[in-house]
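Have a look at the structure below, then the notes.
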Amino acid sequence: MQIYLLRHGIAEDGKPGSPDAERALTGEGCDKLRRVLKRARAADLDPSLILSSPYRRAMETAAVAAEVLGYKGEIVRTRTLEPEASPFDAWEEIRRRKEERAILLASHEPLMSSMAAFLLDSPAFRVEMKKAALIRIDSERFGPKAAGVLKWMLTPGVCLE
């Protein structure tokens with residue numbers, strides 16, 4: 001299975017009295033996200049399933065991904081992709097869907113960088129998941145412990161048009 005970790009794009013600043021979960025993507029955030037996703041599409045990214053954190057900025061990120069990648073399925077919201085969620089719980093979500101060919105996860109930091117380390121079975125692995133960054137990790141085993149292989153990473157800075 002191909003597993004894609006997509007951090008949400010740049011979001012608006014929090015507003016006093018408004019919940020963090022309601023922050024929307026900015027125009028710049030959408031533009032950078034589209035650049036990354038267009039490059040990924042050229043590398044044959046074709047998800048069979050998109051999972052997203054229920055936070056607004058992640059759902060908007062997932063919607064942009066669906067549009068750019070031509071994904072016609074439902075975007076599935078899951079609390080296992082909220083910012084402070086456990087990589088183990090997100091892995092269990094993936095394991096329940098192991099029949100999928102390629103899953104894209106739209107989520108947040110610190111989960112995305114810790115998820116990369118978890119999927120690679122390398123707790124010491126450190127990665128800076130900039131906003132709109134996308135990582136591909138392939139996994140052929142779905143035991144309680146992940147053992148994936150890092151294939152590539154894209155950031156907005158390397159996807160200039």
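Quick note: the coordinates plus some simple rules give every number you see, no bench work behind them. All values derive from a computational prediction rather than experimental measurement. Methodologically, a virtual Cβ is constructed for each residue, glycine included, from the backbone with ideal geometry; neighbour enumeration extends over all protein chains shown.
General remarks:
- Among the chymotrypsin sites (Phe, Trp or Tyr not before Pro) found in segment 1-79, not one is both in a DSSP coil and sparsely packed, with 13 or fewer other Cβ atoms within 10 Å of its Cβ.
- The amide H of residue 23, built 1.01 Å from its N in the peptide plane, has 56, 57 as neighbours under 5 Å, considering only residues 5 or more places off or on other chains.
- Scalar couplings 3J(HN,Hα) for segment 148-153, obtained by applying the Karplus form with A = 6.51, B = -1.76, C = 1.60 to θ = phi - 60°, are x, 10, 6, 9, 6, 9 Hz; x denotes Gly and Pro.
- Helical content of the chain, expressed as a calculated mean residue ellipticity at 222 nm, amounts to -9500 deg cm²/dmol (DSSP H runs of 4 or more residues, -39,500 (n - 2.57) each, divided by residue number, nearest 500).
- Compactness index (Cα Rg / 2.2 N^0.38 Å), the chain: 0.95
- Projecting the Cα positions of 9, 114, 42 onto the charge dipole of the chain (unit charges on Cβ atoms of Lys, Arg, Asp and Glu, taken about the Cα centre) puts 42 furthest along the positive direction.
- Rule-of-thumb Rg ratio for segment 46-103 [Cα; 2.2 N^0.38 Å; N residues]: 1.09
- Directionally averaged shadow of segment 72-161, computed from the convex hull of its alpha-carbon atoms, nm²: 6.5
- Sparse packing (at most 13 other Cβ atoms within 10 Å of the Cβ) combined with a DSSP loop state is found for the following trypsin sites (Lys or Arg not before Pro) in segment 5-98: 72, 96, 98.
- Residues whose amide H comes within less than 5 Å of that of residue 133, counting only those at least five positions distant or on another chain, are 7 (H built at 1.01 Å from N in the peptide plane).
- Cross-link partners of residue 38 among lysines (Cα-Cα below 16 Å; sequence separation of 8 or more within a chain): 131
- Rounded to two decimals, the Cα radius of gyration of segment 1-50 over 2.2 N^0.38 Å is 1.42.
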